[in-house]
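Novice: Have a look at this one.
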Amino acid sequence: MESQAFQKVYTKLTNITKATVTLKATDVGYDEIASVAGRMAQVVKITGEDITLQIFEGTEGVPTNAEVSFLGRPPQLKVSDELAGRFFNSYGDPIDGGPEIQGELRDIGSPSVNPVRRKQPSQLIATGIAGIDLNNTLVSGQKIPFFADPDQPYNQVMANVALRAKADKIILGGMGLSNDDYLYFKNVFDNAGALDRIVSFVNTTENPPVERLLVPDMALTAAEYFAVDKNENVLVLLTDMTLYADALSIVSNRMDQIPSKDSMPGSLYSDLARIYEKAVQFPSGGSITIIAVTTLSGGDITHAIPDNTGYITEGQLFLRRDSEIGKVIVDPFRSLSRLKQLVIGKKTREDHPQVMNSAIRLYADAANARTKLENGFDLTDYDERTLDFAKEYSDRLLAIDVNVDIDTMLNISWGLFGKYFSKAEVAIRENLVEKYWEN
Amino acid sequence: MEKENKTTGIVVGIVANLVMVEVNGPVAQNEICFITLGDERLMAEVIKVIGKNVYVQVFESTRGLKPGSVVEFQGHMLEVTLGPGILSKNYDGLQNDLDKMEGIFLNRGEYTDPLDRDTKWSFKPVATVGDEVKAGDWLGEVDENGQPHKIMVPFKMNGTFKLKEIAGEGEYTVDEQIAVVTDENNNDIKLTMVQKWPVKVAVGGFKEKPRPFRLLETGVRCMDTLNPITEGGTGFIPGPFGTGKTVLQHAISKQAEADIVIIAACGERANEVVEIFAEFPELDDPRTGKKLIERTIIIANTSNMPVAAREASVYTAMTIGEYYRAMGLKVLLMADSTSRWAQALREMSNRLEELPGPDAFPMDLSAIISNFYSRAGFVYLNNGQTGSITFIGTVSPAGGNLKEPVTESTRKAARCFYGLSQARADGKRYPAIDPIDSYSKYLEYPEVQEHFAKNISEDWLQNVLDVKDILLRGKETMEQINILGDDGVPINFHETFWKSELIDFVILQQDAFDSIDASTPMERQKYMLSKVLEVVGKKYSFDHFEDVSSFFKQIINEFKQMNYSEFKNDKFFHHQEALEKLINERAN
Ligand SMILES: Nc1ncnc2c1ncn2[C@@H]1O[C@H](COP(=O)(O)OP(=O)(O)O)[C@@H](O)[C@H]1O
Ligand SMILES: [Mg+2]
């Protein structure tokens, strides 16, 4: 850590908990960072002369006479074009063996964009995955997480989306990333020849958990540099935000705050919103799109972490294994892209909204038929047809291994409608049926 | 309220946006103060006092704030500034004009003027010299975007006054003197077009607040037809995320028959506000031919903006609403989401280490919510004119569980309940308002029933109750079919079920993104309801239960095509004929 000449050094800690230390000091600012026995710490509470510091690495082995010096500034990141292609830890220090970055120091966790200065997102992001492009179309400037159980291949899907998204920069914020997944990302980006477009801030499972609290702000400070200063389209990948929230709860519980639902801090909503709301379309052309991962436990989306996330983000992509076809699909029921209205039928073919809705409705009918079947009832002819439709729809459109363009997705859908249903059963606006119905 | 000598203090403690200040003089609960941080002044509000220690919640980030910083108390609570020029403004929760701020990012400590001081307004006096006047009485009016904006005796002025001078017709800025009144002690008080009011205090100045009795048309069928809200009524929309709260509120704010629409984006997404910024200047207000933005005020305190200002934002919105209501206007106020406001209260209460109530919310949450909802309402002003604030808030229940404290507290305060159901949203049955659980207490008001009989039709109420009945029976029958199987029940069970599906698809479901279907005027709602009831009322013969569903699907399809067509144009009638043909083939 840096040290400054003539700065006052304190050596008397009055209190040590698992994540925090307290000492008497003067002229200390809120949020300021400090070095405690060489470890980075941040001021989280001031009462008179008692300063409480949160130590990101944890307090194991910190003695009461540890040297403490205050740096008089919040956490910062050096930004410049040199960030591209580099890998950093949670503090913004290089971990790829390369040189230090030269650039301008910026405070992380900077102010929000004035809402009247935002532009309405309108640029479609095509991923080739029909479960996304057809049913949950993404738009640049959007913020959206994958909701997935830990055994789903969310990092793979996310890497695919990132590479197909045609972003100028991809910023990876890894929190509690397993070393294997870290290497996986590195490999995929390398193989795609995309490394020079990627900036990574990584906290792996080997690093202390509280350090991850810095990762989203580091990643987003870099993103704002490219989006605002360079007018670039930046895609930020945050994985896994559940582990980020867990770190929040560790800190707040150790600071004796009253937990609310699921032991999460009462401020979880604001804490997460502060990060996700960094997604933006700037009027000057730059944009920040955030694709995150929120792992679920046992598919439970009512847990405080996915629940608060869903209330903040502009939809969610729900991954689920479809046992009928033995593949992972983007579940059309629980998934949603709230910004799709801005592009579907406008940037895509006119029939897109209605085709999407009808197909999902018919897929829902199939789910009902399956329930009937499970309850031992006879199926009607319509039930049988919905089941056949659902299987083919799932395999040809919902599966995450699909990679076609949106017109093709629409054509496949019309093909399936014609194959299994009558026009009245599909119930789409007449002028569209006349134009696109296939027999 | 202004004090001679301002109380000052110094910062002695900081936890996030909660700051402890040691003071040297008197302070009031909810008093506003400014904390000096270098060149910046951070606005804060007193939330607790213990001896010389005052706890304030700061409306900004406290990053870099140090103990010893000087604090200056202002002698008043958080106030809004009221005067012509509020319409079509975009404010933050503290009524800063967002458009006047510098740069792309919000700068800490930047506070901007809510009014435009240079604009000239053409003023017309409506009171005459010698008149006895009191707070809220109209002195004159200016034209604000086509609305008669009344210049009133300030709400803060207690007692009776005599109008001594009034400006003649002409162009004035908001700060120019437009009247002089004399109080009981013969003191002259000069008045301009501007006044201030503390947001947490309800504005009075009206004669009477009767029960609301008139329908407020929203164009949303499952509200207007099934569970209508009234002018001056209250309602709330709880629902898990993604079930359509915001889309529904936006639809209502575009279509509702109101003079003024105030949208408080309270702790939700910035892009949703941007959508309003982008759309409203383009959309026509069908009643005035002007653009929607001209009747709209936006209070944007999105989720990434300071939490304490989020709490203030709903009060700011309500106070502005009360101001326009006092002019005899119909105000529609929407807050999305009141849960974020409750969470802001929770965050502060936790930092204050208060004894928490259920789910760590403050103990008095229920009282706070009720108190807020009670500020809405229909009023008779002192001059006999009427004005109203209709308030609709969304609630975002944690985990989608309607038994949580914010939903439960709101249920006690609001008269209409529009519960959004996850299952309906999953099935893309939008708007996902649950037709069975939702209610409007106004349907039970005799004065509302009378209004319907007079203004819609004698049998309207009965038709609505019949529809509710059919929907309920449909649901029960579906449960039976699910238990006993399609062929385990008589065929007429299928008929009952499909009749309720017909109502669901044709009346309840409405595509908010279709240019025609999005808004249905009352006349069209009446027409469609009677058509649907006509179909439902007929007897049909079916040989097999599968014939039932395929018949009704055809019917539904024709009806939907009607919903997508301009009312009573050729296409509309073409589908109506097709419909009648289908029915005649089947009916006994
Ligand atoms: N009336 C409607 N018609 C069509 N789609 C709707 C309707 N209401 C909601 N939706 C869909 O649901 C999504 C989420 O709605 P929104 O109002 O943002 O949910 P909430 O505010 O409850 O989280 C929208 O983006 C849209 O795709
Ligand atoms: Mg919403």
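Novice: Picking from A:Pro115, A:Thr22, A:Val9, whose Cα lies most toward the positive end of the charge dipole for segment A:1-131 (charges on Cβ: Lys, Arg +1; Asp, Glu -1)?
Specialist: The one lying farthest along the dipole's positive direction is A:Pro115.
Novice: Give the peptides B:347-354, B:500-507 in descending order of average Cβ contacts within 10 Å, highest first.
Specialist: B:500-507, B:347-354
Novice: Now for a separate question. Along each of its three principal axes, how wide is the spread of alpha-carbon positions in segment A:76-340, in whole angstrom units, largest first?
Specialist: Result for segment A:76-340: principal-axis Cα extents of 52, 47, 42 Å.
Novice: In addition: If you average 1/r over all unlike Cα pairs in segment A:19-134 and invert the result, what Kirkwood radius do you get in angstrom?
Specialist: 17.6
Novice: If Lys and Arg each add +1 and Asp and Glu each add -1, what is the summed charge of the other residues whose beta carbon sits under 10 Å from the beta carbon of A:Thr302?
Specialist: That sum, taken over residues with Cβ under 10 Å, equals -2.
Novice: A further question on this structure: Taking each pair of distinct Cα atoms in the protein assembly as shown once, what is the resulting Kirkwood hydrodynamic radius in Å?
Specialist: For the protein assembly as shown, the Kirkwood estimate is 30.8 Å.
Novice: Residues of B:296-303, mean number of Cβ from any other protein chain within 10 Å of their own Cβ, rounded to a whole number?
Specialist: Mean shielding count: 3.
Novice: Can you classify segment B:249-371 as rounded, prolate or oblate using the Cα gyration tensor, where a ≥ b ≥ c are the square roots of its eigenvalues, rounded means a/c under 1.5, and otherwise it's prolate if a/b beats b/c and oblate if not?
Specialist: prolate
Novice: What is segment A:2-70 by shape, rounded, prolate or oblate, if you read a ≥ b ≥ c off the alpha carbon gyration tensor as root eigenvalues and call it rounded for a/c under 1.5, prolate for a/b larger than b/c, and oblate otherwise?
Specialist: Because its axes are fairly even, with a/c under 1.5, segment A:2-70 counts as rounded.
Novice: Counting other beta carbons within 10 Å of each Cβ, put B:Trp460, B:Trp498 in order, fewest first.
Specialist: Arranged by neighbour count, lowest to highest, B:Trp460, B:Trp498 become B:Trp460, B:Trp498.
Novice: Quick check: the angle from helix A:352-374's long axis to the longest principal axis of chain A, C-alpha only, nearest 10 degrees?
Specialist: Result, in degrees: 80.
Novice: Here's another thing I want to ask about it. Show that you can apply the helix-only estimate: for chain A, add -39,500 (n - 2.57) for every DSSP H stretch of four or more residues, divide by all residues, and state [θ] at 222 nm to the nearest 500.
Specialist: It lands at -9000 deg cm²/dmol.
Novice: Ok, one more. Can you tell me the dipole magnitude for chain B around its Cα centre, using point charges on the Cβ only (Lys, Arg +1; Asp, Glu -1), in Debye to the nearest 20?
Specialist: Charge dipole, chain B, about its Cα centre: 860 debye, nearest 20.
Novice: If one computes the Cα centroid of segment A:102-157 and of segment B:70-107, what distance in Å separates the two points?
Specialist: Centre-to-centre (Cα) distance: 31 Å.
Novice: Tell me the Kirkwood radius of segment B:141-232: reciprocal of the mean inverse pair distance over distinct alpha-carbon atoms, in Å.
Specialist: 16.7
Novice: Under a point-charge model restricted to the Cβ atoms of Lys and Arg (+1) and Asp and Glu (-1), what is the dipole moment magnitude of chain A relative to its Cα centre, in debye to the nearest 20?
Specialist: With Lys and Arg at +1 and Asp and Glu at -1, about 920 debye.
Novice: Please state the Cα pair-distance histogram of segment B:8-77 with 10 angstrom bins from zero: what percent is in each bin?
Specialist: 24, 64, 12
Novice: Here is a follow-up. Roughly how tilted is helix B:270-279, in degrees to the nearest 10 and between 0 and 90, from the longest Cα axis of chain B?
Specialist: It is inclined by approximately 80 degrees.
Novice: Moving on to the next point. Among A:239-247, B:382-390, A:19-27, how do they line up from the highest to the lowest mean number of other beta-carbon atoms within 10 Å?
Specialist: My ranking of the peptides, most packed first, is A:239-247, B:382-390, A:19-27.
Novice: A follow-up question, please. Enter the mean number of other protein chain beta carbons within 10 Å of the beta carbon of each residue in A:103-113, as an integer.
Specialist: 3
Novice: Arrange the following residues from fewest to most other Cβ atoms within 10 Å of their Cβ: A:Ser422, B:Ser519.
Specialist: Lowest count first: A:Ser422, B:Ser519.
Novice: Based solely on its DSSP helices, what 222 nm [θ] is calculated for chain B when runs of n ≥ 4 H residues each add -39,500 (n - 2.57) and the sum is averaged over all residues, nearest 500 deg cm²/dmol?
Specialist: Calculated at 222 nm, the ellipticity per residue is -9500 deg cm²/dmol.
Novice: Hand me the tally of lysine pairs in segment B:522-576: alpha carbons under 22 angstrom apart, and the pair either on different chains or 8 or more positions apart.
Specialist: Here the count comes out as 16.
Novice: Moving to a separate point now. Please list B:544-550, A:101-107, A:277-283 highest first by mean number of surrounding beta-carbon atoms within 10 Å per residue.
Specialist: A:277-283, B:544-550, A:101-107
Novice: Shifting gears a bit: For every other residue with a beta carbon closer than 9 angstrom to the beta carbon of B:Asn30, add +1 if it is Lys or Arg and -1 if Asp or Glu, then tell me the sum.
Specialist: Local net charge: -1.
Novice: Placing unit charges on C-beta atoms (Lys and Arg positive, Asp and Glu negative, everything else neutral), compute the dipole magnitude of the protein assembly as shown about its Cα centre in debye, rounded to 20.
Specialist: 1060
Novice: For segment B:439-493, what is the convex hull volume of its Cα atoms per residue in Å³?
Specialist: Dividing the Cα hull volume of segment B:439-493 by its residues yields 81 Å³.
Novice: Now, a different point. Please name which of A:Ser297, B:Ile252, B:Gly9 has its Cα lying farthest along the dipole of the protein assembly as shown towards the positive end, using unit charges on Cβ (Lys, Arg +1; Asp, Glu -1) and the Cα centre as origin.
Specialist: B:Gly9
Novice: On to the next question. What net charge is computed for the residues neighbouring B:Asp137, neighbours being all others with C-beta under 13 Å from the C-beta of B:Asp137, Lys and Arg scored +1, Asp and Glu -1?
Specialist: +1
Novice: Follow-up. Evaluate the distance, in nm, between pseudo-label points positioned 7 Å from the Cα of B:Glu169 and of A:Ser297 along their respective Cα→Cβ axes.
Specialist: 7.4
Novice: Can you give me the C-alpha center-to-center distance between segment B:340-404 and segment A:301-333, rounded to a whole angstrom?
Specialist: With segment B:340-404 and segment A:301-333 each reduced to a Cα centre, they are spaced 31 Å.
Novice: Counting partner chain Cβ atoms within 10 Å of every residue's Cβ in B:269-281, what's the average?
Specialist: 6
Novice: Take the residue pairs A:Lys278/B:Lys6; B:Lys6/B:Lys200; A:Lys230/B:Lys245; B:Lys6/B:Lys48; B:Lys100/B:Lys290 and return only those whose Cα atoms are more than 30 Å apart.
Specialist: A:Lys278/B:Lys6; A:Lys230/B:Lys245
Novice: Any idea which of B:Val181, B:Leu333, B:Ser549 is furthest toward the positive side of the dipole for chain B, if Lys and Arg beta-carbons carry +1 and Asp and Glu beta-carbons -1?
Specialist: It is B:Val181, whose Cα lies furthest towards the positive end.
Novice: Rule-of-thumb check for segment B:460-586: C-alpha Rg over 2.2 N^0.38 Å?
Specialist: Ratio of Rg to 2.2 N^0.38 Å for segment B:460-586: 1.08.
Novice: Another question, if that's okay. Just in segment B:1-102: which GluC sites (Glu not before Pro) are loop by DSSP and have at most 14 other Cβ atoms within 10 Å?
Specialist: B:Glu2, B:Glu4, B:Glu102
Novice: Would you mind ranking B:Val15, B:Val199, B:Val247 so that the residue whose beta carbon has the fewest other beta carbons within 10 Å leads the list?
Specialist: B:Val247, B:Val15, B:Val199
Novice: Are there GluC sites (Glu not before Pro) in segment B:438-500 that DSSP puts in a loop and that have at most 16 other Cβ atoms within 10 Å, and which ones?
Specialist: Answer in residue order: B:Glu458.
Novice: Compute the helix-to-body angle for B:307-325: its Cα long axis versus the longest principal axis of chain B, expressed 0 to 90° and rounded to tens.
Specialist: Around 80 degrees separate the two axes.
Laboratory data are not the source of any read-out in this text; all were calculated from the coordinates shown. As the structure is a computational prediction, the values presented were derived from the model and not from experiment. We place every Cβ from the backbone using ideal geometry, glycine too, and count neighbours over all the protein chains shown.
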